[in-house]
Amino acid sequence: MLVVVLVSTLTGCHARPLSALDAAGRDAEEIARLFWWMTGAAAIIWVAVISLTMYCARGPRVQNAQRFTPLLIVGGGVALPAVVLTALLALGLPSLPRLVDAPWTGHLSIAVSGEQWWWRVRYLTPAGGDIDLANEIRLPIGERVDVSLTSDNVIHSFWIPAISGKVDMIPGRTTHLSLEPTRTGTFRGTCAEYCGTSHALMAFPVVVLEHDAFDRWLAEQSQPAQAPATSQAARGGELFLENGCGACHTIRGTPAAGVIGPDLTHVGSRMSLAAATLPNEMAHMVNWIAEPERAKPAAHMPAFGMLGAEQLHALAAYLIGLR
Amino acid sequence: MSASPSPGARSSDADPLDNPPPPALRRAQEERLLRAWKIPTGWRYWSAVNNTVVGLWYVALTLVFFLFGGILALAMRLQLAGAGNDFLSADLYSQVFTLHGSVMMFLFAIPIFEAVSIMFLPQMIGARELPFPRLSAFGFWAFAIGGTFLCGSIFFNAAPRGGWFMYPPLTSAYQPDIGADIWLLGFSFIEVAAIAAAVELIVGVLKCRPPGMRLNLVPLYAWYVLVAAFMVLFAFPPLIAGTILLELERAFGWPFFSPAGGGDPLLWQHLFWIFGHPEVYIIFLPSVALVAMIVPTAAQRPIVGYSWVVLSAIGTGFLSFGLWVHHMFTTGLPGITLALFSAASTAVAIPTGVQFFCFLATLLAGQLARSVPMLYVLGGLSTFVIGGLTGVMVAMAPFNFQAHDTFFVVAHLHTVLIGGAVFPLLAGLYYYFPLVNGKLLSDRLGRASFWLVFIGFNVTFMPMHVSGLLGMPRRVFTYPTGLSWETLNLVSTIGAFVLAAASPSSCGMSCDPRVRRLTLHAIPGTPVLSSGCRRCPDSHGASVRFPRSTGAIRCGSSRISFATTTRDGSSFPTPRKAGGRCS
């Protein structure tokens, strides 16, 4: 029964945006292939070893068993692992240079910085303009993108299982990872290194787009914020500045230029709130502003519940409108 | 010292000396000897230093910590049973997983080996005691204080919250509360205890052997203990250095690990894992030692390839100090380093394989007598092989980039540690329990608890391999729906409770009224040995000497032969042969 459950989960077609086996990137494909090879070989070895154990334990007494024992020890204990492991190293290690120090095409690179508990994202375009974003990564298909990883607080680990393996973000160092998506779609990334109380709530959506769609998206994101469309949203914009939100958050095109919290210039266009913790909807935005700790324990953002429902809704309408 | 009596000679144990001392003098000598070995009574009982008493306390306390760690694990499994569960708060969950890891590693897995060795090693090598009884007692009390301090903190909501490897800077600048200090200071006591026991065991094996028992004749258990104790001696100093540096950083702001002041967080990881990887083998080797004692008994023949086993145990010990970087494959180290440590990590499969196949060869050459300990041994071996194979997988750096810090690694490490250490320990518990109170454990309940443990273990940990591959990171207190993790986690939780159900059954093993009692005779003049089985009654109730005694020690005016487990086989009684001959 257990085997049935495991196999059905492994091969089923449920939604698995974080799966390392549903590869959508060149490196993840290669690693998944290596995984299946190793799993197959491991299964064969396990069955062989257990059968041998059963034979040794239950089988009839072998005549002159003593004569075979050195063969068993040297053959099974030394020769077999040496041969199998040499083959495995030859199979698995050649991909290392590309995984670790992949050549960068020089077209697009992204700088991601881990915060407690969200992601600071900066797109460095070839034209030279830097675009500050947060908590969402979009990638063009078929292109190798360099991601430089840093942290100025604790250790995090940047991981998009569908596209590639993980690399840690270590304070005082800059590490690199390169991503080469091979399939469009929406995936998920997450923090893999325990980074404090809300480590579990530090994820991000990853969207792989066709080239022109990606270029369009990036061009939109590089624009300053839209003006509020409704009077409620306009009131929200005023409240945003009055209540000091701008001390932590930047909204390009307004006086808000804080760098402590995530950039909110296009927060309404994102797929989720609070680092893939909540859906990006009005009600969740209101709750998040009022009580961040309820959705994300120990979150550093102060609670603004004292503003009252009307003001909170105005703020949320303003932010959701920042598409 | 006299030469060995000829094997099979049915002479009395207490052959008179050629020139016996006068009876009065002899009585006085005996009294003095008995007084020296007497276990204190009343409240002074707790000042005892005899290895039988201290060893028993030590084993009992580590088992209490094991239960405590298990309860913490159940709390975590309850929390993860469903998506978005709120059984534990995020903060409490961090305390629970940090304590679970720390307790299982430092208060159960390492000390149980030292505890069992303190209890049994002297008997196995025919010594009355370990060389420094007060050091054993000191180590035990240091361990008890450190362990209680660490475990107690959670009841005051002040437990450490950094994970059992406590990576700074999270645990230095970002957790200013007392939790990390409790971890660091509690561990100082535990480190002292571990090193005290290691010194004791090394000197014990090397210096307390009786005449005639050369190093190439000692029971395999003693060899494994020697290797593991040397590993403790070399592996713990980096950890001690690390904990001191981290405490200095926390208490006085000396920036060893904090990059803001010029430190490097990776320094801690190197120090920790230079300890942390050998630690796995410090846990694993003494458990294999128990397997090495049980398999020859069950196969009813001496171990095959004694020298192979010894050399591969030493080889494992050496190799394990050169693998630590595989815990740091994702820290951005250069490719050549990763390749080197990948190869070194897989190489450890060779000495491990040699030991495994030596046991198989022993089974092949012998005739297996079925028994509960052997059930645990075989269950453990089949589980451990899975852990070893997934270990080779995570040792491959490219796959490690995906598996590292996920539930795949959680599954792997539990498979290795439970298959490689807990199953053999349960086998050893069952096998040696008659030495504690002369009673066998219940066969019926033993079998039942084995199947509960085996099924519960597999149902708990096999799904974790899959949930890890589906992207579930370690140390998450909650997870959202829509990632296909719900069923897997629910199955794991159910398995964990099946596994937990084995513990009452295990505890009940000693209470089954149907078990037979072994009558163990105390040896005159050596009360300290009275809990060790030296002689068993034969079917007529008369005492017989073990056939494979290899020497004799002088005690009072009597020459007392002792029986030991040597490379020729095990001489402790197998439970299934209770009441019959011992061999």
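The values are calculated or read from the model by the stated rules, or taken from the named source; none is laboratory data. These numbers were taken from a predicted model, which means no experiment stands behind them. Glycine also receives a Cβ, built like all others from the backbone with ideal geometry; neighbour counts cover every protein chain displayed. Remember, those area values only see protein heavy atoms, side chains included, never the ligands or the DNA or RNA. Shrake-Rupley method; radii C 1.70, N 1.55, O 1.52, S 1.80 Å.
Odds and ends about this structure:
- So B:A397, is it within 30 Å of B:Y432 (Cβ to Cβ), facing chain A (nearest Cβ under 8 Å) and open to solvent by less than 20 Å² (accessible area, probe 1.4 Å): no
- Test set (1) buried (at least 21 other Cβ atoms within 10 Å of the Cβ); (2) touching a strand residue (DSSP E or B) at 6+ places or on another chain (Cβ under 6 Å) - B:P434 fails condition number: (2)
- Residues that are within 10 Å of chain A (Cβ to nearest Cβ), of a type in the set (G, A, S) and over 25 Å from the mean Cα position of the chain (by Cα), drawn from region B:163-179: B:S172, B:A173
- Residue in region A:95-107 that is open to solvent by less than 50 Å² (accessible area, probe 1.4 Å), more than 21 Å from B:P334 (Cβ to Cβ) and over 16 Å from the mean Cα position of the chain (by Cα) present: yes
- Residue within region B:407-421 that is touching a helix residue (DSSP H, G or I) at 6+ places or on another chain (Cβ under 9 Å), more than 24 Å from A:T39 (Cβ to Cβ), surrounded by 24 or more Cβ atoms within 10 Å (Cβ to Cβ) and at pLDDT below 95 present: yes
- Once region B:317-362 is narrowed to residues that are more than 12 Å from every other protein chain (Cβ to nearest Cβ) and touching a residue at least 24 places away in the same chain (Cβ under 8 Å), the residue that is nearest to B:Y224 (Cα to Cα) is B:G317.
- Scope region A:68-79; condition within 7 Å of chain B (Cβ to nearest Cβ), under 15 Å from A:L52 (Cβ atoms) and modelled with pLDDT of 85 or more; matching residues: A:L72, A:I73, A:G76, A:G77
- With respect to the conditions (1) closer than 23 Å to B:L319 by Cα; (2) within 11 Å of another protein chain (Cβ to nearest Cβ), B:L417 lacks only one, and its number is (2).
- Residue in region A:19-29 that is surrounded by fewer than 17 Cβ atoms within 10 Å (Cβ to Cβ), modelled with pLDDT of 90 or more and either under 23 Å from B:A365 (Cβ atoms) or more than 7 Å from chain B (Cβ to nearest Cβ) (or both) present: no
- Residues satisfying the stated conditions in region B:445-471, i.e. without any contact (Cβ under 8 Å) to a residue 60 or more places away in the chain, within 11 Å of chain A (Cβ to nearest Cβ), among the hydrophobic types (A, V, I, L, M, F, W, C) and assigned to a helix (DSSP H, G or I): B:I455, B:V459, B:F461, B:M462, B:M464, B:V466
- The set of residues in region A:91-127 that are at pLDDT 80 or above, in a loop (DSSP other than H, G, I, E, B) and facing another protein chain (nearest Cβ under 9 Å) contains only A:Q116.
- Here A:A43 clears all of (1) touching an Asp or Glu at 6+ places or on another chain (Cβ under 8 Å); (2) in a helix (DSSP H, G or I) except the condition numbered (1).
- Residue, nearest to the other protein chains (Cβ to nearest Cβ), within region B:73-103, restricted to residues that are open to solvent by 20 Å² or more (accessible area, probe 1.4 Å) and among the charged types (D, E, K, R): B:D91
- Restricting attention to region B:434-477, the residues being in contact with an Asp or Glu (Cβ under 6 Å, 6 or more places away or on another chain) and either among the hydroxyl-bearing types (S, T, Y) or closer than 16 Å to B:G419 by Cβ (or both) number 1.
- Near pairs, Cβ below 6 angstrom, 6+ apart or cross-chain, from region B:395-412 (outside any helix (DSSP H, G or I)) to any residue that is open to solvent by 10 Å² or more (accessible area, probe 1.4 Å): B:D405/B:R474
- The one condition in (1) free of Cβ contacts under 8 Å to residues at least 60 places away in the same chain; (2) within 13 Å of chain A (Cβ to nearest Cβ) that B:Y306 fails to fulfil: (1)
- Residue match in region A:259-272 (condition: among the hydroxyl-bearing types (S, T, Y), more than 14 Å from every other protein chain (Cβ to nearest Cβ) and open to solvent by less than 50 Å² (accessible area, probe 1.4 Å)): yes
- Extreme residue, farthest from the other protein chains (Cβ to nearest Cβ), among residues of region B:472-486 that are more than 36 Å from the chain's Cα centre (by Cα) and polar (S, T, N, Q): B:T481
- Only strands (runs of 3 or more DSSP E) whose full extent lies in region A:128-234 are considered here, and the ones with at least 1 residues that are within 14 Å of chain B (Cβ to nearest Cβ) and surrounded by fewer than 16 Cβ atoms within 10 Å (Cβ to Cβ) are A:175-179, A:185-191.
- Of all the criteria given as (1) touching a Cys at 6+ places or on another chain (Cβ under 9 Å); (2) open to solvent by 10 Å² or more (accessible area, probe 1.4 Å), the one not satisfied by B:L363 is (2).
- Among residues of region A:269-296, those that are in a loop (DSSP other than H, G, I, E, B) and either within 24 Å of A:I137 (Cα to Cα) or basic (K, R) (or both), counted: 9
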